[in-house]
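The values are calculated or read from the model by the stated rules, or taken from the named source; none is laboratory data. Just so you know, these numbers come straight off a predicted model, no measurement behind them. Glycine also receives a Cβ, built like all others from the backbone with ideal geometry; neighbour counts cover every protein chain displayed. Accessible surface areas use protein heavy atoms only, side chains included; no ligands, DNA or RNA. Shrake-Rupley method; radii C 1.70, N 1.55, O 1.52, S 1.80 Å.
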Amino acid sequence: MSMTEISDLLSNQTKGFSLQQKFYKDPGIYQQEMDRIFMKSWLYAGHVSQIKNVGEYFLYEMDTESVIIIREDKDTVNALMNVCRHRGSRVCLQASGTQKLLACPYHGWTYERSGALRGANHTYPDFDKSGYALKTVNLKIFHGMIFINFDKDPISFDAIEKDLDECLIPYCLDKTKIAHKQSYPIKSNWKLAVENYCECYHCVPSHPEYAEAHGRSFPEEEMQGLLKQVMEKGEKIGLSNSSINYDWLDSGGVGIDRSYDRYPLLKGFVTGSRGGKPLAPLLGDIKGYDGGTADMHIGPITFYLAYCDHVVIYHFKPLTLDTADCEITWLVNERAEEGKDYSLKELIWLWDVTTIADKCIIENNQKGVNSRFYQPGPFTKMEEFEQGFVDWYVDLMK
Amino acid sequence: MSMTEISDLLSNQTKGFSLQQKFYKDPGIYQQEMDRIFMKSWLYAGHVSQIKNVGEYFLYEMDTESVIIIREDKDTVNALMNVCRHRGSRVCLQASGTQKLLACPYHGWTYERSGALRGANHTYPDFDKSGYALKTVNLKIFHGMIFINFDKDPISFDAIEKDLDECLIPYCLDKTKIAHKQSYPIKSNWKLAVENYCECYHCVPSHPEYAEAHGRSFPEEEMQGLLKQVMEKGEKIGLSNSSINYDWLDSGGVGIDRSYDRYPLLKGFVTGSRGGKPLAPLLGDIKGYDGGTADMHIGPITFYLAYCDHVVIYHFKPLTLDTADCEITWLVNERAEEGKDYSLKELIWLWDVTTIADKCIIENNQKGVNSRFYQPGPFTKMEEFEQGFVDWYVDLMK
Amino acid sequence: MSMTEISDLLSNQTKGFSLQQKFYKDPGIYQQEMDRIFMKSWLYAGHVSQIKNVGEYFLYEMDTESVIIIREDKDTVNALMNVCRHRGSRVCLQASGTQKLLACPYHGWTYERSGALRGANHTYPDFDKSGYALKTVNLKIFHGMIFINFDKDPISFDAIEKDLDECLIPYCLDKTKIAHKQSYPIKSNWKLAVENYCECYHCVPSHPEYAEAHGRSFPEEEMQGLLKQVMEKGEKIGLSNSSINYDWLDSGGVGIDRSYDRYPLLKGFVTGSRGGKPLAPLLGDIKGYDGGTADMHIGPITFYLAYCDHVVIYHFKPLTLDTADCEITWLVNERAEEGKDYSLKELIWLWDVTTIADKCIIENNQKGVNSRFYQPGPFTKMEEFEQGFVDWYVDLMK
C-alpha cells in the first residue's frame, strides 16, 4: 500500500470506531509503523540487575534488530548494535553473558565494551579502525530500568523523568531483581495485542481471576469511594497520590507516553495474588499494603502493574506483520529469596493465566478481523484508553 | 498481476490445452478467483442432520471466512458471519455445539440465534443495538443439504432446484446422516485439485480400486450397452433416468452448476465398496441395486457420488494460493447404525484410498507446473469435462 | 524491486565493500539472479558412477526445477526435464532408480529414455506424438562429472575442458565413486553461503580443524616456501604444476568459471584428515602424497577440494530468497571398499564439522545483514577471491 493509499484509508477512518482491516494486514502499513513508532520510541530493554558487573551484557531483540546492552564500567552502560562492521555478522550469539571484549565469531574482529574497534587482522594499510566502531543507540537508565531509542536524534526522555520520578521513588525499582521473564508469542498484528491490554472492558467476561480482585474491571465512577480510601492509606505507606496521564496524543511527542494511575483492589486483596494475600517482601520504602495498585505506562508499548510487593512489566513487540510477542517481566525486591521469601509459581500465577487467556482472545480477534465481513465497530465507555491509542495511531500515520 | 496483465495472459490461452503456469501461482489471480467464484457461488456448507435441534450450530470455514450455521427454530436455519460487530472477534470458537444465545468470548456482547444483538454492556447512550446484528449470508436447504452464498445479491438457486429435484427425490437425502467427514489438505492450487476430480483419464493408471468397479474409467462409447441395462433396472428400483448436464458454461450463470448423470458399475459391483457388495441400508425409497451409480454436481466446487446405499460429497476449498482442502462427507440412511448396519471402515475405504492417491498425484502435478519448462499440454478425449472447467474459468476471468 | 531500482542500487555499491542489504533480501533481485546466473551456468549435477547401467537415472533438483539424468545407452546420457508434456506432472518421483521407459504416474504417458513420447492413450486423432517429447537441457560429461546447463543456447564448455583437462588427468575422476553425499540447508541468501566459501579469512577464527592443516588459512606470501616444496614433490607423483585462474570476471563469460590452484598442507598432513594421515587409496595415477592439495572451481557455484586420496565437491543452490542448500559429495577411488580401504566417518569428518560450523556462521551473518543498521564493510587482503565474486556479481546484474 502506497502512502497515498494509506492516506485515503486514514481519511475513511471513523472516530470512535475500531481500525479498518487493512491496518492489521497490509505490509506497507507495517513498514510505516516500524519507522514511525518503533524506531522513534523509548523502549524498555531490560533492568540494571541483569548487568551489575563490568562486561555483563544481555541482548534486546526486536523485529530485525539485536542490541547488545553491556556494562562498560561502573558508571557506563552502552547499547551497541549487534552487527559487525566488517561483513555484518551478529557479534554476540548468546542472549546474555560476560565479555571483556566483544569478538565477532566470523572473522575475529574485536571490539571494546564501548563499541570501538580494537583489532582486525589482514586489513589493507589504509584501513582506519576509528571508522568501524559498532554503531550505538541511545540509552537511558531510569529507576533501574534500561530504555533504548533507535532514533539518531531521539526525542528527549526528560518529560518521562520529570513526570514519573516522584511516583516511582517509593518503589526503589533500582533495588529490584528479575524474578521471572517470559515470552508469549501471539498470532496477531501487534496492535490487536496492545489494544487488548489497553481496555478492561473484557476483564469481566474473560479474566475472572483478575476481575474479582481489581477495580479496573468496573467503570471508574463505581470505584470512587474505594479509591479515596486507598489514596488515604497509600499516603501513609509512602506512595504518591499523583495521577499522571500523559499518554498517546497527550504525551506531546512520539515515544514518551507516561502515566501513573492508582486504583483500588477489591475484597480485601492487598496484591495481585491468588486469594489476595502478600506475594513477596514489600518493595523499597513502602511501609505496608494500601489495598490498591497502580498502572504505569512508559513509551507506547511498555506497561506496568505496580503492586506494593512486585511489579509486572508488559512489553509488546511486533515480530512480523501478523505475529507479535508479549514479553512479561516480574520484578521483586532485590533482597527477596525465591522459595523463602516468595513462591515463583504464586508470583507469576495471575498474569500468566491472564496472558494465556488474552493470547487466545487476541488470536480470535485477528481471525475475525481477517474476514471480508469485518467492519470497524463502536468503542464503549470502558474502552476510552484504547480509543486514545487508536486516535494517536491515526494521527501518527497521517 | 494487474487486470491488464491477466487479460493478456487470457488471450494467450490456447483452447484445448491446460492452463498457463501463472494461473496456478499468481496472488493477484487468486484474489480475482475469490471474488468472482467463491464469493458468488452456491457452496455446500453441511447437512440438516447436524442441526436438528433449536440452537444447534456448526461452523463452515473457507479462506478467511467463518460462518455460523445455526437452527433458530423448527423452521428456520440462519447463516451468520462469525465476526462480532464490536471489535471483530470470532463469536463461536468451537466447530459445533448448541447455544441458546451467541455470546462473544471477548467482551460478552450477546446475539440472538437470528443474529440480532441482544446485549452489550457499557455502551454510550446513543448506541443503537439494531445497527449491530451479526451479518448474514444467504442460505438454502435443498434435500437436506445446506448451501450458502456470500454474495449480497446472489444468483437464484431456482435452476438447481428445478433441474435436480426429480432426480434427488428417491435418495431422500434429507433423511440421511453424516457417517464420516474428513479433510484432505493438498499442497497445490485449488484448481489442480478440481481438475483432477473432473477427469477420469487418470483412473486406470492411478486408481485400480476405483477403475475395476466404475465404468467412468473407460470411454463413454464402450459403456453404452451396460448403461442401457442399468437404466432399465434403475427405473424399476425407483431412480430417475434423466441425465442433467448444466455444468460450467452450460450452467447459465456463475455458481449454479448442476448435473446428475448415471453410469454403470462393472463386474457385478452394486456399490463403491471393496469387492462390490452392499455397504449400508438402501437410501430413501430406493428398492434395490441397479448396478449403476450417479455423478452429481452442485455449484462449481461440490461434487457427489450417489450410490444406492450411500452418498459421497466432495467439497474443494482454497486455503491459500498454493494450498487447498478436499473435504469429504459420507452420508448414509439416517436409520443406519454404525457397527450393525454398516462398517465405517468399509464405507469410507474406496474414497479414502482414492483421495490419498490423488493428493500425491496433485501435489506432483503442482511441482511440475512450477517449473520454468512447464508448458500447457493438450487435453484428451477423456478430459472433456475438465476442459469444460477450463473454458468456463477462462471465460469467467475475462 | 524494478530494473531501474536495481540499477540505482548497483551504482551505489562501493568497490572493495560487501554488498548492500537489498541484494540479500529483495525478491526481484532474486528472480534476476535466477535468470542471469542459474539458468545460464554450467552446474554440477552428479557423477557417472551413479548411472553406470542403461536406464539408471537420478534427479538433479534446483529451485523449481527437477531434471532426470538418465543413461539412454552405453554412450549416451540425457538430461530430461521432469515435467510431463501432458498436464505437467513430475514424471519420476524417486530420487534415483532404473527405468526402461519413463511412465508418468498421473495419466500414464510413457517416454523413451531419449525423452521421446512413446505412448499416450485416448488422444484425439490429430495428436502428433513427435511434438511432445520431454524437454531436454544441455549436458556435458567431463572427467566423470556430469554438468548441465538450462540455457537454450548455452555458453560453450570448451574453455573449461581446454584449461582444466591436463590438471585433472592424474586424478582419474571418471574412475571414482560417491562415498557420501549430504545436504546442509542454510537459512540465508545463497550469496552469503558462496561468499563464506570464497574466503579463508574466517578459517583461523572459525575452523581450527581446517586451519591447523591447510596453508590457505594464512596469507599467500607466508606459504611461498612450502608451496615450492609441494610443487616439486607434486611433479614427482604425477600432478600438474599449473595454476589455472579463470574465475569470475576473468572467466570470459557467465557460467564457465574454472580454476585449479595448489597449496600446501601444514605440519606434515598429507590429506584433509583428522591427524593428517591418509584417508583412502590414492586416486587414479597419483603415485604418492606431496603434502599439498588443490582448490578447483567449475562454474560459479561448484567448488572442489582435490586431495591425493579423495575429492570433496561443494555445490551451492538457492532454495528461496532466504534459504540455500550446500550439497557436499565425497569421491573416492572406485576400487576402494568402505570399512576396508577407508572409514566413512573419518573420510567425511573434516568437511562435515567445517560445514556445520559454517552453517551457523552464515546464518548469523544473514541475521546481522537484515538489520537496518547493517552497512557494507571493507574487504581485507584475505578476501580477494570473495571480492572477485562481488565484482563479478555487480557487473552481471548491471
note = Within region C:344-366, restricting to residues that are free of Cβ contacts under 8 Å to residues at least 24 places away in the same chain and surrounded by fewer than 21 Cβ atoms within 10 Å (Cβ to Cβ), the one that is nearest to the other protein chains (Cβ to nearest Cβ) is C:Cys360
note = Considering only strands (runs of 3 or more DSSP E) wholly within region A:35-128, the ones with at least 2 residues that are away from every other protein chain (no Cβ under 14 Å) are A:43-47, A:56-62, A:65-73, A:76-81, A:96-98
ask   = What number of residues in region B:189-216 are within 11 Å of chain C (Cβ to nearest Cβ) and free of Cβ contacts under 8 Å to residues at least 40 places away in the same chain?
value = 3
Some residue of region B:12-29 being free of Cβ contacts under 8 Å to residues at least 40 places away in the same chain, within 14 Å of chain A (Cβ to nearest Cβ) and either open to solvent by less than 30 Å² (accessible area, probe 1.4 Å) or not small (Gly, Ala, Ser) (or both) = no
request  = Assess whether C:Glu384 counts as being of a type outside the set (Phe, Trp, Tyr), within 27 Å of C:Glu220 (Cβ to Cβ), within 21 Å of the chain's Cα centre (by Cα) and open to solvent by 40 Å² or more (accessible area, probe 1.4 Å).
outcome  = yes
All positions within region B:367-381 that are of a type in the set (Lys, Arg) and surrounded by fewer than 19 Cβ atoms within 10 Å (Cβ to Cβ) = B:Arg372, B:Lys381
request  = Would you point out the residue of region B:311-343, among those that are in a strand (DSSP E or B) and under 30 Å from C:Leu80 (Cβ atoms), that is most open to solvent (accessible area, probe 1.4 Å)?
outcome  = B:Thr323
ask   = Residue check, A:Leu101 against (1) among the aliphatic types (A, V, I, L, M); (2) touching a helix residue (DSSP H, G or I) at 6+ places or on another chain (Cβ under 7 Å); (3) surrounded by fewer than 20 Cβ atoms within 10 Å (Cβ to Cβ), all met but one. Which one?
value = (2)
request  = Restrict the check to region C:243-251 and report whether at least one residue is assigned to a helix (DSSP H, G or I), in contact with a Pro (Cβ under 6 Å, 6 or more places away or on another chain) and of a type outside the set (S, T, N, Q).
outcome  = no
inquiry  = Can you find a residue that is over 18 Å from B:His180 (Cβ atoms) and in the same structural domain as B:Asp247 (by TED's automatic domain parsing) anywhere in region B:333-350?
reply    = no
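Yes or no, residue by residue, for (1) part of a loop (DSSP other than H, G, I, E, B); (2) open to solvent by 10 Å² or more (accessible area, probe 1.4 Å):
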residue: C:Gly255; (1), (2): yes, no
residue: C:Lys267; (1), (2): yes, yes
residue: C:Thr271; (1), (2): yes, no
residue: C:Gly284; (1), (2): yes, yes
residue: C:His297; (1), (2): no, no
residue: C:Leu305; (1), (2): no, no
ask   = Is it the case that region C:159-181 has a residue that's of a type in the set (Phe, Trp, Tyr), surrounded by 17 or more Cβ atoms within 10 Å (Cβ to Cβ) and in a helix (DSSP H, G or I)?
value = yes
Hey, B:Gln20 under 30 Å from B:Phe379 (Cα atoms) and not assigned by TED's automatic domain parsing to the domain that holds B:Leu321 or not = yes
request  = Just one of (1) modelled with pLDDT of 95 or more; (2) within 14 Å of another protein chain (Cβ to nearest Cβ); (3) surrounded by fewer than 18 Cβ atoms within 10 Å (Cβ to Cβ) trips up A:Ile237, so point out which.
outcome  = (2)
request  = Output the residues belonging to region B:129-149 that are more than 25 Å from the chain's Cα centre (by Cα), at the interface with chain A (Cβ under 10 Å from one of its Cβ atoms) and in contact (Cβ under 8 Å) with a residue 24 or more places away in the chain.
outcome  = B:Tyr132, B:Leu134
message = modelled with pLDDT of 95 or more, out of contact with any strand residue (DSSP E or B) (no Cβ under 8 Å at 6 or more places or on another chain) and part of a loop (DSSP other than H, G, I, E, B): is that true of C:Gln375 in this structure?
response = yes
query = Just to be sure, is A:Leu192 open to solvent by less than 50 Å² (accessible area, probe 1.4 Å), of a type outside the set (Val, Ile, Thr) and more than 28 Å from A:Tyr342 (Cα to Cα)?
reply = yes
